[in-house]
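The values are calculated or read from the model by the stated rules, or taken from the named source; none is laboratory data. Computed from a predicted structure; not experimentally measured. Methodologically, a virtual Cβ is constructed for each residue, glycine included, from the backbone with ideal geometry; neighbour enumeration extends over all protein chains shown. Surface areas here come from the heavy atoms of the whole protein model, side chains and all, with no ligands, DNA or RNA. Shrake-Rupley method; radii C 1.70, N 1.55, O 1.52, S 1.80 Å.
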Amino acid sequence: MEVLVEVKNQIKRFIEVCSYPKALELLEKLATGKMLRSKLILKIAGVSEDSIKLCAVVEMIHAASLLHDDVIDEADTRRGKPSINALYSDKTSIMFGDILYSRAFTELSQMDKRVAYHISNAVTELSIGEMMDVDLTNSFNTSYDKYLTMIYKKTASLIEASARSAAILVGLDSEKYAIYGKNLGLAFQMIDDILDITSDSQTLGKPAMLDFVEGKVTIPYLYLYERIEDKAKLQSLYKKELNNEELSWIKEQLEQTNALKDAINEARQIGLEAIKSISDEKNSEDLIQIMSAMIEREF
């Protein structure tokens with residue numbers, strides 16, 4: 001998508017303002033993802049100088065949160081490429097994240113006041129979500145509500161704010177698009193959590209079923225814990241390097257209790273809620289396509 005190249009060029013121009021060559025060097029080393037948030041903004045607001053700038057700001061914020069995330073998770077790779085903290089150091093990763101955040105906020109301060117409010121507020125939510133994510137790994141979480149609140153803050157809040165802000169830029173009903181963005185974000189994170197179980201490690205670019213080993217009790221495990229008879233055995237495997245037998249046992253239980261199937265259905269249901277919220281809007285076809293592509297990923 002040519003226009004996504006324009007978003008990347010805009011990010012580069014925003015960083016060039018710093019007059020600090022190392023920042024550009026680090027930017028080159030950043031692994032680019034699917035740019036879901038930019039695709040969403042451009043589908044809602046169309047292509048204009050304002051929408052490209054909004055995309056660049058949101059991508060910089062997202063990248064900054066991932067730079068900090070990789071330090072927290074001690075991750076060596078990001079999207080199959082070496083992470084900045086692995087290539088340089090934790091300090092470099094944190095400080096480059098801070099440069100991206102602060103440049104994004106500087107540009108945001110020049111935008112529509114409502115856009116600036118919703119995006120910056122989402123960054124607070126995102127940071128709280130990150131902290132909740134870390135706190136929830138301290139012990140085996142059995143609360144679905146805590147999980148849902150955490151994924152809303154950590155992932156869905158910025159996607160919600162992106163959709164709302166794109167609608168504000170072009171005078172559309174921002175409330176409808178916010179609902180779409182929120183549900184897209186929730187479904188997106190749930191599906192990511194499910195793929196941790198269903199994908200092989202080659203596809204994931206990290207060991208499969210790593211979430212449970214790292215202390216993350218995601219939606220399939222929440223359903224499993226609710227339904228399984230041997231709760232103590234499941235808890236005993238929490239945050240443990242699992243051997244093949246233990247991995248197989250968890251997978252079998254997820255199948256037998258329908259925990260995995262129901263988790264997939266719930267993510268799809270949330271996806272359908274998103275579609276419903278914008279079904280009478282004229283660009284709904286494109287947004288339905290984004291959601292469908294995401295909720296029908298390979299399980």
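A few comments on the model shown:
- Efficiency of FRET between Glu241 and Lys276 - r from beta-carbon atoms, R0 51 angstrom, step 0.05: 0.75
- Relative contact order, percent, the chain [alpha-carbon distance under 8 Å, six or more residues apart]: 16 percent
- Dipole in debye (nearest 20) - the chain, about Cα centre, beta carbon charges: Lys, Arg +1; Asp, Glu -1: 620 debye
- Exposed loop sites here mean trypsin sites (Lys or Arg not before Pro) with a DSSP loop assignment and at most 12 other beta-carbon atoms within 10 Å; the chain contains its longest site-free run at 80-239.
- For Ser38, neighbours were defined as the other residues whose beta-carbon sits under 14 Å from its Cβ, and their charges (Lys and Arg +1, Asp and Glu -1) total +1.
- Among complete DSSP H helices in the chain, those whose alpha-carbon atoms stretch at least 20 Å along the helix's long axis and whose mean Kyte-Doolittle hydropathy reaches -1.0 are 2-16, 49-73, 90-108, 113-135, 174-198, 259-277.
- What the chain shows is 48 Å² of accessible area per residue, with the surface traced by a 1.4 Å probe over protein heavy atoms.
- Shape analysis of the range 65-224 based on the Cα gyration tensor places the equivalent ellipsoid semi-axes at 28, 22, 14 Å, largest first.
- Computed in the context of the full set of protein chains, the accessible area of the range 1-131 at 1.4 Å probe radius has 54% of its extent on carbon or sulfur.
- Taking label points 7 Å from Cα along the Cα-to-Cβ direction, Tyr117 and Lys251 give a separation of 5.0 nm.
- Relative contact order (%) - the range 153-261, alpha-carbon pairs under 8 angstrom, separation at least six: 20 percent
- Counting charges near Val17 (Lys, Arg +1; Asp, Glu -1) among other residues having Cβ under 15 Å from its Cβ returns a value of +3.
- Once backbone amide H atoms are built at 1.01 Å from N, Thr77 has Ser83 as its partners under 5 Å, excluding neighbours fewer than 5 places away on the same chain.
- Taking a ≥ b ≥ c as the square roots of the eigenvalues of the Cα gyration tensor, the range 123-199 is prolate, since a/c reaches 1.5 or more and a/b is larger than b/c.
- Note on the range 198-299: with neighbouring protein chains present and a 1.4 Å probe, carbon and sulfur make up 46 percent of its accessible heavy-atom surface.
- Label corresponding to Rg and Dmax of the Cα atoms in Å when calculated from the structure given, among (i) 22.5, 74; (ii) 19.6, 61; (iii) 22.5, 83: (ii)
- Sites Thr77 and Lys29 - FRET efficiency at Förster radius 22 Å, r taken between beta-carbons, to 0.05: 0.95
- The alpha carbons of the range 113-166 stretch over 41, 16, 10 Å along the principal axes, in descending order.
- With Cα atoms defining each centre, the range 217-239 and the range 112-148 are spaced 24 Å apart in the structure.
- Local charge for Lys81 was computed over the other residues whose Cβ lies under 12 Å away, with Lys and Arg +1 and Asp and Glu -1, and equals 0.
- Here r is the Cβ-Cβ distance between Glu229 and Ser127 and R0 is 41 Å; the resulting FRET efficiency, rounded to 0.05, is 0.55.
- Only lysine pairs 8 or more places apart, or on different chains, with alpha-carbon atoms under 22 angstrom apart are counted in the range 1-118, and they number 28.
- Gyration tensor verdict on the range 11-51 (Cα atoms; rounded if a/c is under 1.5, prolate if a/b is larger than b/c, oblate otherwise): oblate
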